[in-house]
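First comes the structure, then the notes that go with it.
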Amino acid sequence: MSDITATPRLWAPVHGEAYRPVPYRPERMPADEALAHAAELRRRMGERRTVRSFSPDPVPEQVIKDAIACAATAPSGAHQQPWTFVLVKDPGIRLRIREAAEHEERISYDGRLGEQWLAALRPLGTDAVKVHMTDAPALVVVFQQRYWLGEDGTRRKHYYVDESVGIAVGMLLSALHLSGLAALVHTPSPMRFLGEVLGRPENEKAFAVIPIGYPADDCEVPDLVRKSLDQVLVEL
Ligand code: IYR
């Protein structure tokens with residue numbers, strides 16, 4: 001390791017005045033503690049399931065807000081933080097989103113997806129009916145800011161928006177799960193209606209609708225098997 005950190009710079013830094021570093025010296029976690037944390041986290045993350053059958057019971061709103069705050073710590077292209085999280089509790093708005101999503105999904109399931117896609121979805125038991133949108137007490141609709149939009153209409157390019165928002169959504173799902181809430185990533189297609197229903201500005205594009213709540217008492221999930229670590233990890 002020391003060899004690598006000792007590698008000399010071969011070119012001069014070009015960031016000039018804009019780069020204002022501050023010290024970062026997190027306390028190093030002892031290995032035994034790290035192993036215990038990692039094993040426990042792996043176990044708990046292994047219990048996460050995508051839920052499509054929600055209890056209408058209310059959830060502590062602050063838990064969702066804290067999870068969104070966790071998601072917003074995600075790394076992003078040029079630290080542009082190109083995300084907006086719309087927390088929808090209003091039952092009327094949730095119903096409008098459900099109806100618009102079901103309208104699109106019906107067209108998708110009636111053929112737009114194609115036979116291969118429909119066959120891939122069959123083990124998940126999904127269909128065009130999206131009761132979870134109205135059963136779950138909250139929806140978080142995640143928007144990507146495709147570009148920065150100033151109040152005077154000025155636009156500035158955003159970088160790696162898909163990657164940044166994808167990472168943030170992963171962190172949101174982890175935070176929700178570790179805080180005891182169930183969620184579903186729903187990506188109705190096309191999603192343009194979400195910006196219209198929620199009154200979002202032109203630079204924002206819907207990325208996913210995430211119903212959040214507790215699983216229904218009679219909730220069932222598909223009997224899926226995750227790939228083993230051996231199957232997903234390549235060590236060199
Ligand atoms: N958007 C549709 C279809 C769907 C697509 C994929 I890929 C999934 O993993 C699950 C569903 C729907 O929400 O039903």
Residue match in the stretch 55-68 (condition: among the aliphatic types (A, V, I, L, M), within 16 Å of the ligand (Cβ to nearest atom) and assigned to a helix (DSSP H, G or I)): no
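Taking the stated definitions as given, is Lys65 within 28 Å of Pro190 (Cβ to Cβ) and exposed (fewer than 15 other Cβ atoms within 10 Å of the Cβ)?
On the way: within 28 Å of Pro190 (Cβ to Cβ): no; exposed (fewer than 15 other Cβ atoms within 10 Å of the Cβ): yes.
Judged against the criteria, Lys65 is not a match.
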Tabulated pairs, the stretch 173-202, first under 16 Å from Ala138 (Cα atoms), second in a loop (DSSP other than H, G, I, E, B) and within 14 Å of the ligand (Cβ to nearest atom), C-beta under 6 angstrom, 6+ apart or interchain: Ala182/Val51; Leu184/Val51; Leu184/Arg52
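Listed here are the residues, each with its yes/no results for (1) of a type outside the set (Lys, Arg); (2) in contact with a Gly (Cβ under 6 Å, 6 or more places away or on another chain); (3) more than 10 Å from the ligand (Cβ to nearest atom).
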position: Asp90; (1), (2), (3): yes, no, yes
position: Ile93; (1), (2), (3): yes, no, yes
position: Arg98; (1), (2), (3): no, no, yes
position: Gln116; (1), (2), (3): yes, no, yes
position: Val129; (1), (2), (3): yes, no, no
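Regarding the stretch 97-116, can at least one residue be identified that is without any contact (Cβ under 8 Å) to a residue 60 or more places away in the chain, within 22 Å of the chain's Cα centre (by Cα), farther than 21 Å from Glu202 by Cα and part of a helix (DSSP H, G or I)?
Yes, the conditions are met somewhere in the stretch 97-116.
May I ask you to list the residues in the stretch 147-174 that are surrounded by 15 or more Cβ atoms within 10 Å (Cβ to Cβ) and either under 15 Å from Ala208 (Cβ atoms) or polar (S, T, N, Q) (or both)?
Of everything in the stretch 147-174, those that are surrounded by 15 or more Cβ atoms within 10 Å (Cβ to Cβ) and either under 15 Å from Ala208 (Cβ atoms) or polar (S, T, N, Q) (or both) turn out to be Val161, Ser164, Val165, Gly166, Ile167, Ala168, Val169, Met171, Leu172, Leu173, Ser174.
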Residue check for Lys205: free of Cβ contacts under 8 Å to residues at least 12 places away in the same chain and surrounded by 11 or more Cβ atoms within 10 Å (Cβ to Cβ): no
Answer residue from the stretch 132-144, given it is farther than 16 Å from Leu173 by Cα and touching a helix residue (DSSP H, G or I) at 6+ places or on another chain (Cβ under 8 Å) and is surrounded by the fewest Cβ atoms within 10 Å (Cβ to Cβ) among those: Thr134
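Inside the stretch 177-211, can you point out the residues that are within 14 Å of the ligand (Cβ to nearest atom) and in a loop (DSSP other than H, G, I, E, B)?
The answer is Leu184, Val185, Thr187, Pro188, Ser189, Pro190, Met191.
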Test: residue in the stretch 137-145 that is farther than 22 Å from Glu102 by Cβ and either within 15 Å of the ligand (Cβ to nearest atom) or not hydrophobic (A, V, I, L, M, F, W, C) (or both): yes
Given (1) in a helix (DSSP H, G or I); (2) more than 16 Å from the ligand (Cβ to nearest atom); (3) under 16 Å from the mean Cα position of the chain (by Cα), number of the condition Gln231 does not satisfy: (3)
For Gly16: the one exception among (1) on the phi < 0 side of the Ramachandran plot; (2) more than 29 Å from the chain's Cα centre (by Cα): (1)
Failed criterion for Thr73 (all others in (1) loosely packed, with under 12 Cβ neighbours inside 10 Å; (2) of a type outside the set (Lys, Arg); (3) more than 16 Å from the ligand (Cβ to nearest atom); (4) assigned to a helix (DSSP H, G or I) hold): (4)
Selection count where residues are among the small types (Gly, Ala, Ser) and more than 11 Å from the ligand (Cβ to nearest atom), scope the stretch 100-114: 3
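Laboratory data are not the source of any read-out in this text; all were calculated from the coordinates shown. If you're wondering where the values come from, they're calculated on a predicted model, not measured in any experiment. A quick note on method: Cβ atoms are made from the backbone with ideal geometry, for glycine too, and the neighbour counts reach across all protein chains shown.
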